[in-house]
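These notes are about the structure you will find just below.
The values are calculated or read from the model by the stated rules, or taken from the named source; none is laboratory data. Note that the structure is a prediction, hence the values are computed from the model and not measured. Cβ coordinates were reconstructed from backbone atoms using ideal geometry, including for glycine residues, and neighbour counts include every protein chain displayed.
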Amino acid sequence: MKIKENYAAIERTVALVKEKFGADSKIAVMFEKCISNTLQTTIKIKENDTVFVITGDIPAMWLRDSACQLRPFLLFAKEEPELVELVCGLIKKQMQCILLDPYANAFNENGDGQCWDHDKTDMKPELWERKYEIDSLCYPVQLSYLLWKNTGCTEQFTGEWLEAAKAVIRVFRTEQDHENASPYTFERENCSFTDTLSRDGKGALVKSNVGLIWSGFRPSDDACVYGYLIPSNMLASVILGNIAEIAREIYHDEKLAEEADAFSKEVRNAIETLAILPAQKTEYYAYEVDGFGQYLVMDDANLPSLLAMPYYGYCDNKNERYQNTRKVILSDQNPYYFSGECAEGIGSPHTYTRFIWPMALAMQGLTSDSMEEKLKMLEMIAACDAGTDLVHESFHVDHPDDFTRPWFSWANSVFCELVLDYCGQKVTL
């Protein structure tokens, strides 16, 4: 296995993008650089045909980020067997990581003990960080499913994959009763309160056995305020359905299929019961709840988000509750929605006040039916790249030259997805 310098399917698409936007247009220039940057700078071929994908300027692999980084390449993989091989290699590595520790979010390239910090949790030398985030277990499953649906490939579905999927279900079941059943704790010393869990690493109290799955941290790697993170539970419901279909169609395991399908419906029912908030005569989704009646109204740029519900398949973008939620989070009712001289969009408590994330702008475009809105988001991202031709983590809405993370591959890939979407190429869910 090796990474080629050129792939015919990608080159044809680059030509299509140049034809659509103009060969010298900022959007076309950024697309060509971003799609190449992910492929040529973040992927490392390892032993036993596994693939390790670094996040960019941090030399570690996040399960979530790595899946999202390669997602746009599913659109080229049907014509490029080498890209199928790369995605399969990543999935193989991700499943090994899940089996090593399903509570970890980020892993080292080598088991040499490198880590973000020396945290009080059950660390291993292979772990970069051990923040338990529901979505870390979801994204590798969804990438496996999407590879199958978009290319027909089933090589990823090995015995090891099946064991990892069962481990995901076990952890999710355990974390429905986090207070009494979970072995997981996490504490970090001398840090922001968003980087550690309260109550001796247990996290804020939630009501057990209400159907939702507890998460210690958000996809931003910030601690949850209330432990039932709704976008991540939505994604969990989706991928449990994916596991059910894979178990039935690929592994011919009807018992597992029925278990996963029932679990998916249980989580969805809990979301629709416990996470719905009234807004005058309409209803919308909370970002987090605790099961006791407390809730958080907001959205975060990181994925999964409430904005991204149609993107990961929880509902379509015409769903009434989704549209109501969209109106709330794309307004000043969301404390992390910022508007300035150069841009407006969703930011995150993970970054500074009045900094918004291009990832959220791209997601606003990807979840819209309006070609005008899609183009507006593309133009806004392109105008706020600080002259780098790459997409950053976040930037100031008044001063885009003030940005965070110059090399953030996940953001590059989501931007590329929006460009492809605008050109009529979409990943099949």
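Right, Leu378: under 18 Å from the mean Cα position of the chain (by Cα) and either assigned to a loop (DSSP other than H, G, I, E, B) or at pLDDT 95 or above (or both) or not? First the steps, then the outcome.
Details: under 18 Å from the mean Cα position of the chain (by Cα): no; either assigned to a loop (DSSP other than H, G, I, E, B) or at pLDDT 95 or above (or both): yes.
Judged against the criteria, Leu378 is not a match.
Within the stretch 161-195, the set of residues being surrounded by 14 or more Cβ atoms within 10 Å (Cβ to Cβ) and under 17 Å from Glu249 (Cα atoms) comprises Trp161, Leu162, Ala165, Lys166. Scanning the stretch 397-429 for residues that are modelled with pLDDT of 95 or more, in a loop (DSSP other than H, G, I, E, B) and either touching a helix residue (DSSP H, G or I) at 6+ places or on another chain (Cβ under 6 Å) or hydroxyl-bearing (Ser, Thr, Tyr) (or both) gives Cys423, Gln425, Val427. Check the stretch 74-86 and report whether any residue there is hydrophobic (A, V, I, L, M, F, W, C), touching a strand residue (DSSP E or B) at 6+ places or on another chain (Cβ under 8 Å) and within 22 Å of Pro219 (Cα to Cα). No, the stretch 74-86 contains no residue that is hydrophobic (A, V, I, L, M, F, W, C), touching a strand residue (DSSP E or B) at 6+ places or on another chain (Cβ under 8 Å) and within 22 Å of Pro219 (Cα to Cα).
Each residue in the stretch 74-92 was checked for being free of Cβ contacts under 8 Å to residues at least 60 places away in the same chain and surrounded by fewer than 24 Cβ atoms within 10 Å (Cβ to Cβ), and 1 of them qualify. Taken over the stretch 251-260, the criterion of being touching a helix residue (DSSP H, G or I) at 6+ places or on another chain (Cβ under 8 Å) and not in a helix (DSSP H, G or I) is satisfied by Tyr251, Asp253.
If I filter the stretch 295-317 down to residues being of a type in the set (D, E, K, R) and in contact (Cβ under 8 Å) with a residue 12 or more places away in the chain, which single residue comes out as surrounded by the fewest Cβ atoms within 10 Å (Cβ to Cβ)? Spell out the reasoning first.
Kept after step one, since they are of a type in the set (D, E, K, R), are these residues of the stretch 295-317: 299-300, 316.
Restricting the remaining residues to those that are in contact (Cβ under 8 Å) with a residue 12 or more places away in the chain gives 299-300.
Details: Asp299: 29, Asp300: 26.
So the residue we want is Asp300.
Could you list, in sequence order, all residues of the stretch 370-419 that are touching a Ser or Thr at 6+ places or on another chain (Cβ under 6 Å) and under 16 Å from Lys33 (Cβ atoms)? Ser409, Asn412, Ser413, listed by residue number. Taking the condition under 26 Å from Glu160 (Cβ atoms), in contact with a Ser or Thr (Cβ under 8 Å, 6 or more places away or on another chain) and in contact (Cβ under 8 Å) with a residue 24 or more places away in the chain, does Pro219 pass? Yes; evaluated as a whole, the condition is true for this residue.
Of note, Ala204 satisfies the criterion of being part of a loop (DSSP other than H, G, I, E, B) and modelled with pLDDT under 95.
The criterion of at least 3 residues that are more than 21 Å from the chain's Cα centre (by Cα) is met by the following helices (runs of 4 or more DSSP H) wholly inside the stretch 26-124: 26-41, 81-100. Looking at the structure I just gave you, is Lys207 out of contact with any helix residue (DSSP H, G or I) (no Cβ under 8 Å at 6 or more places or on another chain), among the charged types (D, E, K, R) and within 30 Å of Glu79 (Cβ to Cβ)? Spelling it out, it is not the case that Lys207 is out of contact with any helix residue (DSSP H, G or I) (no Cβ under 8 Å at 6 or more places or on another chain), among the charged types (D, E, K, R) and within 30 Å of Glu79 (Cβ to Cβ).
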